[in-house]
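Peer 1: I'd like to ask you about the structure that follows.
The values are calculated or read from the model by the stated rules, or taken from the named source; none is laboratory data. Note that the coordinates shown come from a computational prediction; the quantities given were computed from them, not determined experimentally. Every residue, glycine as well, gets a Cβ built from its backbone with ideal geometry; the counts of neighbours run over all protein chains shown. The protein model used for the area step is the full one, side chains on, heavy atoms only, and it has no ligands, DNA or RNA in it. Shrake-Rupley method; radii C 1.70, N 1.55, O 1.52, S 1.80 Å.
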Amino acid sequence: MRNVDLHCHSTVSDGLLSPADLVSLAVKGGVDVLALTDHDDVSGLEEAHSAAQAKGIRLIPGVEVSVSWDRLTVHIVGLNIDPKHPRLVDGLNIVRGGRLQRAQKMGDSLAAAGIPGAFEGAMSFASSDQMVGRTHFARFLVEQGKARNVSAVFKRYLVKGKPGYVSHRWAELGEAISWIRAAGGIAVLAHPGRYKIGSTGLRALMADFKDLGGEAIEVVTGNHTQVQVHRFADYAQHYGLMASRGSDYHGPGESFTLPGRLAALPSICKPVWQAWT
Ligand code: AMP
Ligand code: MN
Ligand code: MN
Ligand code: MN
């Protein structure tokens, strides 16, 4: 059985390891097919590809696109994309373009709550101005002693109704799927168990996703319980979607599911990687 992990982050977005170090860690964990899926950015793929080639594993070029659907932020992973395709490149460029302004507003919101310097602090953790995000703010807030760790930060800050949260309009669902498909990729609904929408909302999301050309959902992810794994395997079958498996690894000390250390897909699933391995 192949060990496939199709969702991971590097320092290009909000991961802690360089693309090459991420590949090394995945190899140590026994992964033989890895996708690098940085948020809204494909610039780590070349380094990851060279590292994977040197280590003898397969690298699937990927990206995780930030999308606004209804009043929710959802993430769409694009797998096996051509990272140079102009429609994808242009689309991701627009999505990244909003991040800097949003970060300035997040900094203002935290300053108003008595935490000055957060914008500059977050920027010092980001590897580019365009790719600054909530995780970089969270790392700054941990450094400032505002919370024990990144996941504790998210309970007190940076989420709806809390200081540092700024609502933001990302790509439309149909746009993100069309960029991915134009680039020859498969669109995958990421970590469906994480959206706070109840089962009616989830069904509406999956139906829209399927109608707009989405082809797979993450059934096994770093934060799904076994109950969720089986629930989403059933949903995948019901909506005629393929199934993906990915850790959503961000880095040591922050993600507790290491690359490749995941349950197998339930046997009713059609693996999204079947076509390429
Ligand atoms: P952004 O794209 O800037 O809104 O940041 C989204 C990222 O924040 C996600 O990809 C996660 O890496 C991180 N994140 C969101 N919610 C949490 C949470 N509750 N605990 C830890 N990290 C989180
Ligand atoms: Mn992230
Ligand atoms: Mn995500
Ligand atoms: Mn992710």
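Peer 1: Please go through (1) touching a helix residue (DSSP H, G or I) at 6+ places or on another chain (Cβ under 7 Å); (2) open to solvent by less than 40 Å² (accessible area, probe 1.4 Å) for residue 276 and return the number of the only condition it doesn't satisfy.
Peer 2: Failed condition: (1).
Peer 1: Output the qualifying pairs, or none if there are none: Cβ atoms under 6 angstrom, residues six or more apart or on different chains, first residue in segment 231-257 and over 21 Å from residue 276 (Cβ atoms), second residue open to solvent by 20 Å² or more (accessible area, probe 1.4 Å) and within 16 Å of ligand 4 (Cβ to nearest atom).
Peer 2: The qualifying pairs are 251/16; 251/17; 254/150; 257/222.
Residues checked against (1) at positive phi; (2) open to solvent by 10 Å² or more (accessible area, probe 1.4 Å); (3) of a type in the set (Gly, Ala, Ser); (4) over 17 Å from the mean Cα position of the chain (by Cα):
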site: 161; (1), (2), (3), (4): yes, yes, yes, yes
site: 172; (1), (2), (3), (4): no, yes, no, no
site: 182; (1), (2), (3), (4): no, yes, yes, yes
site: 193; (1), (2), (3), (4): no, yes, yes, no
site: 223; (1), (2), (3), (4): no, yes, no, no
site: 228; (1), (2), (3), (4): no, yes, no, yes
site: 237; (1), (2), (3), (4): no, yes, no, yes
site: 240; (1), (2), (3), (4): yes, yes, yes, yes
site: 252; (1), (2), (3), (4): no, yes, no, no
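Peer 1: Next up: For residues in segment 61-85 being away from ligand 1 (no atom under 13 Å from the Cβ) and outside any loop (DSSP other than H, G, I, E, B), which is farthest from the chain's Cα centre (by Cα)?
Peer 2: Ranking the qualifying residues of segment 61-85, first place goes to 69.
Peer 1: Could you list all residues from segment 16-60 that are closer than 16 Å to residue 246 by Cα, touching a residue at least 60 places away in the same chain (Cβ under 8 Å) and surrounded by fewer than 23 Cβ atoms within 10 Å (Cβ to Cβ)?
Peer 2: Of everything in segment 16-60, those that are closer than 16 Å to residue 246 by Cα, touching a residue at least 60 places away in the same chain (Cβ under 8 Å) and surrounded by fewer than 23 Cβ atoms within 10 Å (Cβ to Cβ) turn out to be 25, 29, 30, 33, 39, 58.
Peer 1: Can I ask one more? Within segment 30-49, how many residues turn out to be closer than 12 Å to residue 249 by Cα and away from ligand 4 (no atom under 12 Å from the Cβ)?
Peer 2: Counting residues in segment 30-49 that are closer than 12 Å to residue 249 by Cα and away from ligand 4 (no atom under 12 Å from the Cβ) gives 1.
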